[in-house]
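Data block below; observations after.
The values are calculated or read from the model by the stated rules, or taken from the named source; none is laboratory data. What you see is a predicted model; the values in this text were computed from it and never measured. Here the Cβ positions follow ideal geometry from the backbone for every residue, glycine too, while neighbour counts run over all protein chains shown. Heads up: the accessible areas ignore ligands, DNA and RNA and are worked out on the full protein's heavy atoms, side chains in. Shrake-Rupley method; radii C 1.70, N 1.55, O 1.52, S 1.80 Å.
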Amino acid sequence: MPTAFDIVIVGAGPAGAAAAISLARRGYAVALIDKEQFPREKLCGDFINPSNWPMLEQLGVARQMFTQDHEIVTAFRLTAVSGALAEAALPALNGSAVHGLGLRRYFFDQILLGQAQAAGVTALLGWRIKSLQRLADGWRVGYGDGDSVQELTARIVIGADGRNSWVAHHLGMARGASKRGGRIGFQLRRKYAPGLGGRVEIHLFPGGYAGLLGLGDGTINLCLAADRRRLGSQVGIDALMESSLPRNPHLKNILAGSEALGPVRSTYPVYFPPRRSVDDGVLLIGDAARVNEPVSGEGIYFALRSAAMAAEVIDGAFARGDFSARELSSSELRCRAEFRLRRGLNGAIRFLMYRPALLAPFIQLSGKRNRLLESLVHVVCRPEAAI
Ligand SMILES: Cc1cc2nc3c(=O)[nH]c(=O)nc-3n(C[C@H](O)[C@H](O)[C@H](O)COP(=O)(O)OP(=O)(O)OC[C@H]3O[C@@H](n4cnc5c(N)ncnc54)[C@H](O)[C@@H]3O)c2cc1C
């Protein structure tokens, strides 16, 4: 196996795999390291937002995604503890309806990784990054399992290792991204034969919200985000499932008609603000750089988009032979400019999701004039042209 690469990417989730595909297609030697063997399960709502389609087409994976169990999603439903309910169709583009997908990350991430390998990427799976050492002309990267450490070199390192990014922490780039918000997330699957009729659903409960999505195999994905400060000792998954969630009558029905399946995954915090994402010879992309409130199902979008921008900027850096933070910073600036509207909207939605008293009149109103909700859904779900 070669040990000298142009680029080493840490993390083979959507951000890392997408960056690997784009860079390998441009002719670079790319190594992709992940601590997990694939396919692997991943905490996520499993919603493929329609905003992703042009990028998924460009990456060459869109068709493969339909070969696995999936659910076509054409509508969004929002409900309140009072039982009020609002619905909106996903947007139409050039006269035709677009749809999202319920697809397990187990499948999605494996498809992206397979495409990266087909593009010539060297995938080093089941290995954790252990060390990063600056050299005069790049990096020496140590990776391994237990005490065994192997090494490779690269000009550029991409940190795509998710919200708890080892790369960001190790290089002092995680400062400033405080554990803001105090919200905890959970994810589990349940058997639910009736299905959700092609809807992605958000149900408010006191202290948080639950997202539901069909996966096309008789199961649904249930994700929760709950405010630890408001729920006090009730924040554990059992207390939430027994006392908080059933306060919403829609959730109560679905929970009563479904059955637990597999383990519960948790994450903390649910949201944190952007980190500094470039330094000399290094870039952070995807969740390693920024984490939004998951309610809008845009995490994969931000991951794929930031990967595409990073690949373009890295290509320019190689062309000029300049790998300085200054050269790479155009990636951060482009992300900031491109994501401004979506991040602003996500912040507003985040504010409302934990204040059901403010959101309830909106749901009531949307129920009657659902144009309001539809406009919001259209901004969040409109397909964005690939870069
Ligand atoms: C509750 C919840 C629900 C969500 N629902 C949705 C949704 O429905 N739709 C959506 O689009 N987004 C959703 N998101 C967000 C989405 O999951 C993330 O934004 C997305 O996974 C980010 O992709 P990534 O590639 O940046 O990171 P990740 O998917 O986290 O991938 C990081 C990879 O790095 C690897 N790694 C980590 N540390 C190391 C290390 N030290 N060495 C080697 N490898 C390492 C991991 O094994 C992993 O494979 C949700 C998030 C939460 C919290």
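Points worth noting:
- Nearest 10 degrees, 0 to 90: helix 325-353 Cα axis against the chain principal axis: 10
- Most fluctuating residue given options L196, L93, L112, as computed from a GNM of the chain linking Cα atoms under 10 Å: L93
- Kirkwood-type radius of segment 74-227, with distances r between different C-alpha atoms, in Å: 19.7
- Toward the positive end of the charge dipole of the chain, with +1 on the Cβ of Lys and Arg and -1 on the Cβ of Asp and Glu, the farthest Cα among M1, N292, A24 is that of N292.
- Here the relative contact order of the chain, from alpha carbon pairs under 8 Å that lie six or more residues apart, stands at 24 percent.
- Helix 356-368 axis, angle to the chain major axis (alpha carbon atoms, nearest 10°): 70
- Size of charge dipole - segment 1-140 - debye, nearest 20, with Cβ of Lys, Arg +1 and Asp, Glu -1, no other charges: 440
- P(r) of segment 1-63 over all Cα-Cα pairs, binned every 10 Å from zero, in whole percent: 18, 46, 31, 6
- Nearest 10 degrees, 0 to 90: helix 371-381 Cα axis against the chain principal axis: 20
- With all protein chains kept in place, the per residue accessible area of the chain amounts to 41 square angstrom at a probe of 1.4 angstrom.
- Mean separation of Cα pairs under 8 Å and 6 or more residues apart, divided by the residue count, gives segment 1-136 a relative contact order of 37 percent.
- Inter-centroid distance (Cα atoms) of segment 214-255 relative to segment 43-105, Å: 22
- Ranked by the mean number of other Cβ atoms within 10 Å per residue, highest first, peptides 330-337, 150-157 order as 150-157, 330-337.
- Each eigenvalue of the Cα gyration tensor of segment 119-187, multiplied by 5 and square-rooted, gives one semi-axis; in descending order these are 26, 16, 12 Å.
- For the chain, the fraction of alpha-carbon pairs in successive 20 Å shells from zero, as %: 29, 57, 14, 0
- Environment charge of R175, counting only residues whose C-beta is closer than 10 Å and scoring Lys/Arg +1, Asp/Glu -1: +2
- Convex hull of Cα atoms in segment 9-138, direction-averaged projection (nm²): 11.4
- A simple charge model with +1 on the Cβ of Lys and Arg, -1 on the Cβ of Asp and Glu and nothing else charged puts the dipole of the chain at about 1240 debye relative to its Cα centre.
- 11 Å cut-off, amide nitrogen to a point 7 angstrom out along A4 Cα→Cβ, residues in segment 16-35: none
- Accessible-area composition of segment 190-326, carbon plus sulfur, in percent [1.4 Å probe]: 49
- By the equivalent-ellipsoid construction on the alpha carbon gyration tensor, segment 268-337 comes out with semi-axes of 24, 12, 8 Å, ordered largest to smallest.
- For the chain, modelled as a GNM whose springs connect Cα atoms under 10 angstrom apart, the maximal fluctuation among A325, A24, A136 occurs at A136.
- Applying the criteria of a DSSP loop state and at most 13 other Cβ atoms within 10 Å to the chymotrypsin sites (Phe, Trp or Tyr not before Pro) of segment 37-94 yields F66.
- A dipole drawn for the chain from +1 and -1 charges on Cβ atoms has a positive end, and of G138, V380, N49 the residue lying farthest that way is V380.
- Residues in segment 39-49 carry Karplus couplings, in order, of x, 9, 6, 8, 5, 5, x, 6, 8, 8, 5 Hz; the curve used is 6.51 cos²θ - 1.76 cosθ + 1.60 with θ = phi - 60°, and Gly or Pro positions show x.
- For segment 255-387, the Cα-based Rg and Dmax, in that order, read 18.7, 61 Å.
- Segment 152-251 - Rg over Rh from alpha carbon coordinates, Kirkwood radius: 1.12
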